[in-house]
């Protein structure tokens with residue numbers, strides 16, 4: 001009876017250039033004395049610096065500091081730590097913190113945290129030379145818990161009619177809820193249309209907007225309604241003012257609004273045209289992540305910033321899970337088909353991408369909490385949906401384990417940065433850098449390989465810049481035939497090796513095999529050996 005075994009192999013990265021000595025971890029200046037690295041600490045990259053948030057239980061305060069300015073030099077980075085003059089507003093030790101940087105419009109550091117000054121109370125803070133805060137309503141929004149994490153996502157549609165400068169996405173922790181906060185543009189980025197604000201059909205994030213219009217009168221009446229006919233009251237706003245502008249005193253709820261202005265006409269009013277806008281202020285709930293979030297959860301933004309292809313968020317859920325998810329920003333949906341993480345996600349796990357404005361196509365990186373000193377950082381290849389560990393022969397192992405509060409942050413090419421969290425229950429101040437971008441140079445040409453075992457036959461495919469090669473081991477003499485197929489299933493090559501003896505054999509196609517050039521992309525190799533078949537995936541870059 002004919003038996004067919006079909007396996008899709010995992011991909012392993014093959015280093016094409018051997019290095020004489022491993023790339024080392026470079027120890028930098030310790031974090032400042034008042035900035036311990038323990039539970040709740042995080043680092044991130046922004047504005048040519050590494051920023052850190054450091055809850056300090058001894059002083060009952062949370063400090064923010066930045067290291068830099070960083071350099072694009074190939075030499076080990078040098079810089080200094082600078083602690084912001086003021087701790088986080090309210091000077092409290094914060095629990096369940098998260099950290100991200102708005103690297104595009106506005107350039108601000110965002111911190112989320114719950115303080116012990118009011119149990120359950122939580123704030124989103126941002127710093128743009130001074131501190132601002134948003135009080136999270138625990139009744140209508142959420143309560144922060146274990147595993148809280150945030151990430152900045154730019155708004156690719158930002159313009160005069162979509163005046164949300166970007167979003168802060170948040171996993172609050174202790175559950176599967178997922179929220180986003182619309183960022184208001186700074187005053188310098190404020191946009192009016194022909195002197196009208198908010199302009200018709202616009203979307204804004206400011207819950208206390210400054211209404212503006214044009215006119216020469218010394219008396220106006222502003223009406224704001226949630227229905228276009230203004231026939232149903234009471235109105236959120238119905239006030240008389242003496243200039244063509246009005247500052248909202250209290251927050252408006254999220255909704256579509258209609259507004260108009262009137263000038264006196266005897267005992268009546270002459271009304272302007274009606275304008276409308278949509279308010280998306282504060283936190284808005286999004287589709288929940290398909291898992292419960294715990295300590296070790298992490299978020300990172302992943303997209304091509306030059307053409308805004310597939311803006312997405314990648315997420316760990318922590319709690320020792322190996323689940324890995326991707327959130328599509330445009331469709332508000334989660335993809336749960338990503339490859340599991342190679343290590344469990346415990347406290348001290350972090351997920352990072354490098355400066356998204358520097359260049360696209362970089363691999364996200366991860367460091368897994370609880371790793372022992374034989375472990376290295378890992379990378380995720382978006383195209384092939386596979387994880388790879390930094391090659392043992394080319395990168396030093398972690399100098400120490402990754403404890404609670406450990407965090408990684410991508411920086412300017414070629415460096416990435418790492419703190420190591422608490423060790424044995426005691427916080428640390430260690431701060432290191434390494435050159436993970438070197439892995440790109442080592443793998444120039446995109447060589448990838450995979451293995452499959454089919455019955456008693458071991459097969460291996462090696463895809464390189466020059467083409468595809470299959471190596472297989474026969475336990476006994478057999479008739480061997482192999483075919484090469486592109487991603488659509490179309491056969492692009494075939495080799496009939498005939499009867500072969502027991503032992504190791506190779507079949508290969510180069511880029512001009514059979515007169516057909518193999519272009520970059522994914523291929524599948526089917527190797528028939530008697531009544532068995534191996535199916536292996538290869539990628540040519």
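The values are calculated or read from the model by the stated rules, or taken from the named source; none is laboratory data. Not measured: the values here are computed from a predicted model. Cβ atoms come from the backbone with ideal geometry, glycine included; neighbour counts cover every protein chain shown.
Worth pointing out:
- Candidates in region 236-250 are the residues that are touching a strand residue (DSSP E or B) at 6+ places or on another chain (Cβ under 6 Å) and crowded, with 16+ Cβ neighbours inside 10 Å; of these, the one that is nearest to residue 137 (Cα to Cα) is 236.
- Hits in region 129-153 (condition: in a loop (DSSP other than H, G, I, E, B) and surrounded by fewer than 14 Cβ atoms within 10 Å (Cβ to Cβ)): 129, 130, 137, 139, 140
- Restricting 262, 233, 266, 253 to residues that are free of Cβ contacts under 8 Å to residues at least 60 places away in the same chain, outside the structural domain of residue 162 (by TED's automatic domain parsing), surrounded by fewer than 12 Cβ atoms within 10 Å (Cβ to Cβ) and within 23 Å of residue 208 (Cα to Cα) narrows the list to 233.
Matching residues to (1) at pLDDT below 95; (2) under 13 Å from the mean Cα position of the chain (by Cα); (3) surrounded by fewer than 20 Cβ atoms within 10 Å (Cβ to Cβ); (4) within 17 Å of residue 383 (Cβ to Cβ):
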{"position": "323", "(1), (2), (3), (4)": "no, no, yes, no"}
{"position": "331", "(1), (2), (3), (4)": "yes, no, yes, no"}
{"position": "337", "(1), (2), (3), (4)": "yes, no, yes, yes"}
{"position": "342", "(1), (2), (3), (4)": "yes, no, yes, no"}
{"position": "351", "(1), (2), (3), (4)": "yes, yes, no, no"}
{"position": "358", "(1), (2), (3), (4)": "yes, no, yes, no"}
{"position": "364", "(1), (2), (3), (4)": "yes, yes, yes, yes"}
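- Check on residue 310, modelled with pLDDT under 95 and either crowded, with 19+ Cβ neighbours inside 10 Å or on the phi < 0 side of the Ramachandran plot (or both): no
- Qualifying residue in region 209-224 (condition: surrounded by 13 or more Cβ atoms within 10 Å (Cβ to Cβ), closer than 30 Å to residue 290 by Cβ, modelled with pLDDT of 95 or more and under 37 Å from the mean Cα position of the chain (by Cα)): no
- Considering the conditions (1) in the same structural domain as residue 254 (by TED's automatic domain parsing); (2) surrounded by fewer than 22 Cβ atoms within 10 Å (Cβ to Cβ), residue 197 is excluded by exactly one of them, (2).
- Residues of region 292-307 satisfying the condition of being crowded, with 17+ Cβ neighbours inside 10 Å and either part of a strand (DSSP E or B) or not assigned by TED's automatic domain parsing to the domain that holds residue 410 (or both): 293, 297, 298, 299, 300, 301, 302, 303
- Test: residue 92 is modelled with pLDDT under 90, closer than 23 Å to residue 180 by Cα and crowded, with 18+ Cβ neighbours inside 10 Å: no
- Scanning region 256-267 for residues that are modelled with pLDDT under 95 and either in a strand (DSSP E or B) or touching a strand residue (DSSP E or B) at 6+ places or on another chain (Cβ under 8 Å) (or both) gives a single hit, 265.
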